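The values are calculated or read from the model by the stated rules, or taken from the named source; none is laboratory data. Since the structure is predicted, the reported quantities are computational estimates derived from the model, not experimental observations. Cβ atoms come from the backbone with ideal geometry, glycine included; neighbour counts cover every protein chain shown.
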């Protein structure tokens, strides 16, 4: 599998819950993050190429926000012992959203 990432994935030292804004259900937890996307661990499989508006719960208030709302698209997935891992691309993040992601990476990244 060819690696098309523009930025190195950074593992976080905390899990961030991700919610589908349409269904209001938890999708899973962020395991690693870049300004371009993230890896999600979940209990249920997620359809490949599916696009969502998702809310990521931040570990603390950052720039006045407790959640980060993003448009995301699933680009890959795998399963291991009934745990599902999915890669998501962040679609058209605003500068303010990218700044929040960078602050999360700076404070909570294990690099």
Scope region 78-96; condition at pLDDT below 95 and crowded, with 16+ Cβ neighbours inside 10 Å; matching residues: 93
Unique match (being touching a helix residue (DSSP H, G or I) at 6+ places or on another chain (Cβ under 8 Å) and farther than 17 Å from residue 44 by Cα) among 105, 70: 70
Given (1) in a strand (DSSP E or B); (2) in contact with a strand residue (DSSP E or B) (Cβ under 8 Å, 6 or more places away or on another chain), number of the condition residue 61 does not satisfy: (2)
Qualifying residue in region 20-27 (condition: within 24 Å of residue 61 (Cβ to Cβ), part of a strand (DSSP E or B), at pLDDT 95 or above and touching a helix residue (DSSP H, G or I) at 6+ places or on another chain (Cβ under 8 Å)): no
Scan of region 22-32 for residues that are more than 16 Å from residue 71 (Cβ to Cβ) and buried (at least 17 other Cβ atoms within 10 Å of the Cβ), ordered by number: 28, 29, 32
Qualifying residue in region 41-54 (condition: exposed (fewer than 15 other Cβ atoms within 10 Å of the Cβ), out of contact with any helix residue (DSSP H, G or I) (no Cβ under 8 Å at 6 or more places or on another chain) and not in a loop (DSSP other than H, G, I, E, B)): yes
The one condition in (1) exposed (fewer than 11 other Cβ atoms within 10 Å of the Cβ); (2) closer than 19 Å to residue 17 by Cβ; (3) without any contact (Cβ under 8 Å) to a residue 40 or more places away in the chain that residue 110 fails to fulfil: (3)
Unmet criterion (only one of (1) farther than 23 Å from residue 108 by Cα; (2) modelled with pLDDT under 95; (3) surrounded by fewer than 16 Cβ atoms within 10 Å (Cβ to Cβ)) for residue 14: (1)
Within region 61-100, considering residues that are free of Cβ contacts under 8 Å to residues at least 12 places away in the same chain and closer than 21 Å to residue 13 by Cα, the one nearest to the chain's Cα centre (by Cα): 66
